[in-house]
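Visitor: Handing you a structure now.
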Amino acid sequence: MPERKLRLGIPAGSLQEATAALFRKAGYNIKFSSRSYIPTIDDDEIECLLIRAQEMARYVEEGILDAGITGHDWVVETQAQVTEVCELVFSKVSRRPVRWVLCVPEDSSVQSVKDLEGKRIATEAVGLTTSFLAKHGVTAKVEFSWGATEVKPPRLADAIVEVTETGNSLRANNLRIVDEILQSTTRLIANKESIEDPWVQEKLDNISLMLNSCLAAEGKVGLMMNVSRDDLQTVLDTLPALQTPTVSSLSDPEWVALNTIVNEAVVRTIVPQLKASGARGIVEYPINKIID
């Protein structure tokens, strides 16, 4: 039998390094070459291809790729008929959704989408913008923007629809948000026919499991400690546990070992409290993956 290959699209551009980093945490080592759009991966059953996130859903829909990673916004924008395998909450800057927003210059008289009747709007997401205007009964001229969209108002456009994570670029260009069109997160998508193949579905389910286990572990650490049985309830009451802590018996019947997972941000606060409550031999350790 010939070796099976999953044709997987990796987003080129702003999401490329963040995607590769997440795959590395999950155990898949992806390497890029400056002269090739075919990254290497240490899994003989996966064949990667670098594709712009904006085009990913179309190539997956057409079956050129079995699966790919792209933003939900580009699935909506292209109206591609694909299966969303899972949500992967990460982006190029943060671990929060990106926002497509309607913006105008700070001194613009526009206060709502209704005020854009007959106006000119520049955006890379023409489909999203057109649908949003239609929903509000507004007719305006929507132009595709090839880049540097933030600098176009007011001379080249009355308004823009742009994606933002932090809003810093919008503020730097003296732009004001009038409305939010869409919130989007990254998704693992699949071709509708490919995923009917049990081998493909199992492969994608495994990839989804490992990627999401890494995302679930971000900002979490493990804590181990020994606690006397007399102090156990006090210590348990101190812990803001992710789930019920594991309590194990020790050779000394008067003591138990306690293991739990907590948010890393609270460690500096609760460790002194744990010690004061009677915990001893407290050890903090990193968490790479959490699988429910």
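Visitor: For SER184, are the conditions met, namely being touching a residue at least 60 places away in the same chain (Cβ under 8 Å) and hydroxyl-bearing (Ser, Thr, Tyr)?
Guide: Against the criterion (touching a residue at least 60 places away in the same chain (Cβ under 8 Å) and hydroxyl-bearing (Ser, Thr, Tyr)), SER184 qualifies.
Visitor: Separate question: Mind checking which residues of the range 176-199 are surrounded by fewer than 18 Cβ atoms within 10 Å (Cβ to Cβ) and under 24 Å from ALA18 (Cβ atoms)?
Guide: Matches in the range 176-199: GLU180, GLN183, THR185.
Visitor: Is one or more of the residues making up the range 48-61 in a loop (DSSP other than H, G, I, E, B) and either within 17 Å of LYS5 (Cα to Cα) or not assigned by TED's automatic domain parsing to the domain that holds ILE207 (or both)?
Guide: Checked the range 48-61: no residue is in a loop (DSSP other than H, G, I, E, B) and either within 17 Å of LYS5 (Cα to Cα) or not assigned by TED's automatic domain parsing to the domain that holds ILE207 (or both).
Visitor: On the given criteria, is GLU87 surrounded by fewer than 18 Cβ atoms within 10 Å (Cβ to Cβ), outside the structural domain of PHE144 (by TED's automatic domain parsing) and either within 16 Å of the chain's Cα centre (by Cα) or not in a loop (DSSP other than H, G, I, E, B) (or both)?
Guide: Here the answer is yes, as GLU87 does meet what is asked.
Visitor: Does any residue of the range 200-223 turn out to be over 30 Å from ILE69 (Cβ atoms) and crowded, with 17+ Cβ neighbours inside 10 Å? Write out each step before concluding.
Guide: Just the residues of the range 200-223 that are over 30 Å from ILE69 (Cβ atoms), to begin with: 223.
Keeping just the survivors that are crowded, with 17+ Cβ neighbours inside 10 Å gives 223.
Yes: one or more hits.
Visitor: On the given criteria, is LYS114 at pLDDT 95 or above, in contact with a Gly (Cβ under 9 Å, 6 or more places away or on another chain) and more than 18 Å from ALA53 (Cβ to Cβ)?
Guide: yes
Visitor: Restricting to the range 168-212, give me the number of residues that are basic (Lys, Arg), at pLDDT 95 or above and part of a helix (DSSP H, G or I).
Guide: Of the residues in that region, 1 qualify.
Visitor: In addition: So which residues in the range 63-79 are outside any helix (DSSP H, G or I) and in contact (Cβ under 8 Å) with a residue 60 or more places away in the chain?
Guide: Answer for the range 63-79, where residues must be outside any helix (DSSP H, G or I) and in contact (Cβ under 8 Å) with a residue 60 or more places away in the chain: GLY63, LEU65, ASP66, ALA67, GLY68, ILE69, THR70, GLY71.
Quick grid of which residues meet (1) assigned by TED's automatic domain parsing to the domain that holds LEU22; (2) surrounded by fewer than 18 Cβ atoms within 10 Å (Cβ to Cβ); (3) within 24 Å of THR70 (Cβ to Cβ):
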site	(1), (2), (3)
GLY137	no, yes, no
VAL151	no, yes, no
ALA159	no, no, no
GLY167	no, yes, yes
ASN174	no, yes, no
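The values are calculated or read from the model by the stated rules, or taken from the named source; none is laboratory data. Please read all numbers here as calculations on a predicted model, not as lab measurements. Note that we place each Cβ from the backbone using ideal geometry, even for glycine, and neighbour counts take in every protein chain shown.
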